[in-house]
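Quick note: the coordinates plus some simple rules give every number you see, no bench work behind them. This is a predicted model, so every value here is computed, not measured. Every residue, glycine as well, gets a Cβ built from its backbone with ideal geometry; the counts of neighbours run over all protein chains shown.
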Amino acid sequence: MPLPFLRPKDSFITCRDRDDGGGAQISARISTMILARLKGMTYAHTPVSDVAHRPEGISTADWSRAWEEFFNLGHGEIQAVDLAKYPLRPVAKPHRFWPRSRCLHVVAHCHRFTNQHPEAWAAIGPQLAQKYRLTPKPQLSGYDPGRIQVAVHVRRGDVASTGQFAQWFTPDDLILARLRKVLETIGKERAQIRVFSEGSPADFAAFTELGAELHLDEDTFETFHHLVSSDVMIMAKSTFSYLAALIGGPVALYEPFWHPKLPGWLGPEELARLPEALARQQALKAK
């Protein structure tokens, strides 16, 4: 945190000028909110725009608006559009800059800085969850309150075991091993398992043999809300997974990738701590 006598005055920062996927744009804005906190600045919200992977039949503006309203990050925040009196200061390297007073800093993201502060990501989670719950969400059916909801995110479709994005691929065997460990811990009869991915049901036969319900190629926002609503989540190497675990607060089995593991999440070598983590999570739900 900056020293009080060095804290900039009227120093704002916003994230904008992106045209990638919705999860990446939301994550970039969250990283900017975190940097603002850590550097004594004020976050100013710019709505997401030009969101990629737009489904057929929906306009670019409507698709971007859907992402903006779903996550609701701008709620309660100063809007960058209202800061026209301040000069703009583009910041190419947020991890190596000192904020100036009386200007609006503009970044694409702040991950190189904020990935060094996993505790700050965890700390902002409750605020993000509060914003998230203020806007309508899909109605989910089939949830048995007497069972533990297990969500498994299997990243397929845009990744494969070979090729340009192979580093984001997790083999079925590793995911199934983690799922079996979850079932051993909680008891198969107590678990309600849902697998979220893309592809053909035949590709997921090993999961259905364990009792999983397949959710393939479904609506993006409904899938995300399922992940948020889970008690236990087996994550993928995916910003989509990361945001759901951050906002929803399930027992998260973290899959190492370029975002850091957050306090309380379980890495592959920490599965022995699953019973303790699940007991703690269930106690919090019961309050």
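Could you work out the relative contact order of the chain? I mean the mean sequence separation of Cα pairs under 8 Å and 6+ apart, divided by the number of residues, in percent.
Working: 468 pairs, mean separation 47.1, N = 287.
Worked out over the chain, it gives 16 percent.
Shape descriptor for the stretch 148-286: Rg over Rh equals 0.93 (Cα atoms; Rh from the Kirkwood inverse mean 1/r). The ranking of 217, 144 from fewest to most other beta carbons within 10 Å of each one's beta carbon is 144, 217. In plain terms, the residue of 242, 86 with the fewest other Cβ atoms within 10 Å comes first and the most crowded comes last, giving 86, 242. Start at zero, step by 5 Å, and the Cα-Cα distances of the stretch 1-70 spread as 3, 18, 23, 18, 13, 9, 8, 5, 2, 1, 0 percent across the bins. Highest mean packing comes first when the peptides 199-205, 180-186 are listed by Cβ atoms within 10 Å, giving 180-186, 199-205.
Residue order for 60, 14, fewest other beta carbons within 10 angstrom first, comes to 60, 14.
Under the 0.36 nm per residue contour assumption, what length would be gained going from the current alpha-carbon distance of residue 116 and residue 38 to full extension? Display every interim value, and only then the final one.
Working: separation 78, 0.36 × 78 = 28.08 nm, distance 1.16 nm.
Extra length available between residue 116 and residue 38 comes to 26.9 nm.
Here the label points at residue 7 and residue 221, each 7 Å from Cα along the C-beta direction, are separated by 3.7 nm in the simple model. With R₀ set to 30 Å, the beta-carbon distance separating residue 96 from residue 285 gives a calculated FRET efficiency near 0.10.
Note the full-extension length gain between residue 200 and residue 133 as 0.36 nm times their separation in residues minus their Cα-Cα distance, in nm to one decimal. Spell out each step's value before the answer.
Numbers: separation 67, 0.36 × 67 = 24.12 nm, distance 3.23 nm.
In short, 20.9 nm is gained.
Cross-link partners of residue 285 among aspartates and glutamates, defined as those whose alpha carbon lies under 13 angstrom from its own and excluding same-chain residues fewer than eight positions apart: 231. Shape summary of the stretch 4-132, radius of gyration then Dmax from alpha carbon positions: 14.6, 54 Å.
Which whole-number percent of Cα pairs in the stretch 222-286 have a distance greater than 15 Å?
Values: 950 of 2080 pairs.
Summing the P(r) of the stretch 222-286 above 15 Å gives 46 percent of all pairs.
Relative to one another, the C-alpha centroids of the stretch 59-76 and the stretch 93-116 are positioned 23 Å apart. Checked against a 23 Å cut-off, the cross-linked pairs 9/261; 181/237; 93/131; 131/237; 85/131 give Cα-Cα distances beyond that limit for 9/261; 93/131; 131/237; 85/131.
Extension gain for the segment residue 189 to residue 56, taken as residue separation times 0.36 nm less the Cα-Cα distance, is 43.9 nm to one decimal. Here the chain yields Rg over Rh of 0.99, to two decimals, using C-alpha coordinates and the Kirkwood radius. What is the list of residues in the stretch 217-249 whose amide nitrogen lies under 12 Å from a point 7 angstrom out from the Cα of residue 174, following Cα to Cβ? Once the point is set 7 Å along Cα→Cβ of residue 174, 235-238 turn out to lie under 12 Å by backbone N, inside the stretch 217-249. Give me the percent relative contact order of the stretch 1-151, please, defined on Cα pairs under 8 angstrom at least 6 residues apart. Computed value for the stretch 1-151: 29 percent relative contact order. Of the residues 264, 142, 187, the one that moves most in a GNM of the chain with alpha-carbon contacts below 10 Å is 142.
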